[in-house]
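Visitor: First the structure, which I've put down as structure tokens, then a few questions once you've had a look.
Every number in this text was worked out from the coordinates using simple rules, so none of it is lab data. What you see is a predicted model, and the numbers here were worked out from it, not measured in a lab. Note that each Cβ is placed from the backbone with ideal geometry, even for glycine, and that neighbours are counted across all protein chains shown.
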Amino acid sequence: MLLLSCVTKQAVLAEETPEKIEQKLLFLNYEINKVNDVRSISLINQIKTDGKLKIKNSAHSYTNIGDLEYLILDQDLSPLETHSIQNPLRKTVEFINDSGEFEKKTLDLDQAQFSLKLQLQPRAKYVVINEITTKGIIKLSTTTIE
């Protein structure tokens, strides 16, 4: 009886898997109110969950008077990101008029709810929401990220 065996001289190394950084999404839900042309924003809630924000093209990269901008700040109040959103109190609706044709109408609301969906950065501590006005930028809200 003849037995043959093969032996390799390569060392077997345990493969190390790199540590995965858990990505988190942050949902901030707000209510904005307008009383006598003065706007105020209050936080409804904030929700953290696992996930990754899908990359989207910024269709609204410019700002108009009445739009909002939000800044994500670190603990030293240094901006990490800045984004803009269209005025949540101004809604454009499309409907069919009495002639059977499509018509657009812009509604100016006194109250509305809106949400921010953010990729949560480890250094992010605050979200500041500002209003763009003819007189400059007015700070409406500062939210501490919990």
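Visitor: Restricting to DSSP loop positions (anything but H, G, I, E, B) with no more than 12 other Cβ atoms inside 10 Å of their own Cβ, which chymotrypsin sites (Phe, Trp or Tyr not before Pro) remain in segment 33-122?
Guide: Tyr62
Visitor: Separate question: Anything over 20 Å Cα to Cα? Flag those among Lys91/Lys139; Lys54/Lys125; Lys52/Lys91; Lys48/Lys117, in the order listed.
Guide: Exceeds cut-off: Lys91/Lys139; Lys54/Lys125; Lys52/Lys91.
Visitor: Something else about it: Once phi is turned into ³J(HN,Hα) by the Karplus curve 6.51 cos²θ - 1.76 cosθ + 1.60 with θ = phi - 60°, what whole-Hz value does each residue of segment 74-82 show in order, with x for glycine and proline?
Guide: 8, 5, 8, 6, 8, x, 9, 8, 9
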